[in-house]
Amino acid sequence: MSSRFEARTALISMLLLSLSILVDQRMSLPILILTIAFNFNVLKALAKLTPLIAFYIVSSFFLGGVDKILTMVALLSLFLFLYGLNPEEVGFALMYFRFPPRFAYSICISLRLLQNISNDLNNLFQLRKIERFSYLELLKRLTNIAIIRAISMAESLESRNFDLDMRIPHINKPNLKDYALLLSSIILALLSLL
């Protein structure tokens, strides 16, 4: 297995860490450090989202919620951690936990579509450096691409006669790194209850 985590342990860990933030917001910094330590790509993605984070900081300052900034960054890092998982494995993990296949595949397809649109957005930013168009034009182009991607994905599933019942979930076995993430998540969740 590559640097990716097994989806079942990652889902459980992210749920525990999210609940830890909900119970005690002081756990935001340890959780942020944990997600970066286990997946360094989270830090790279957070760096790309600096304008969004800066906007949130400025708006929080004016609205009086400066203490919530770290919580928002920690929750964003948890999302980015899940975003880095293989969408098909996430769908299989949800079915393993007895979620309905229709729900699991809708999450799987949503994650896949989100990853594709994210790549398209990166391509549009590269194109924007060459063509020098406005952010409004970038938003229009991204919307058009997202609609085309969604329609093509729906047509692809329909043309292949996609059937939820015919898919057999394949679950990978957790390795040592997965167990370390799960144990760290449990420890942080217990600490948030104290």
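The values are calculated or read from the model by the stated rules, or taken from the named source; none is laboratory data. In this text, all values refer to a predicted model and were calculated from it rather than measured experimentally. Note that each Cβ is placed from the backbone with ideal geometry, even for glycine, and that neighbours are counted across all protein chains shown.
One line per residue, one yes/no per condition, for (1) at pLDDT 75 or above; (2) more than 14 Å from Ser184 (Cα to Cα):
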{"residue": "Glu6", "(1), (2)": "yes, yes"}
{"residue": "Ser13", "(1), (2)": "yes, no"}
{"residue": "Leu49", "(1), (2)": "no, yes"}
{"residue": "Val73", "(1), (2)": "no, yes"}
inquiry  = Checking the structure you have, find out if any residue of the stretch 123-130 is over 26 Å from Thr35 (Cα atoms), of a type in the set (A, V, I, L, M) and surrounded by 14 or more Cβ atoms within 10 Å (Cβ to Cβ).
reply    = yes
query = Just for helices (runs of 4 or more DSSP H) wholly inside the stretch 32-96: which have at least 2 residues that are surrounded by 17 or more Cβ atoms within 10 Å (Cβ to Cβ) and touching a residue at least 40 places away in the same chain (Cβ under 8 Å)?
reply = 69-83, 87-96
ask   = Across the stretch 168-178, which residue is modelled with the highest pLDDT among those that are touching a helix residue (DSSP H, G or I) at 6+ places or on another chain (Cβ under 7 Å) and surrounded by fewer than 16 Cβ atoms within 10 Å (Cβ to Cβ)?
value = Ile171
query = Of all residues in the stretch 97-113, which are under 25 Å from Ile151 (Cα atoms), hydrophobic (A, V, I, L, M, F, W, C) and surrounded by fewer than 14 Cβ atoms within 10 Å (Cβ to Cβ)?
reply = Phe103
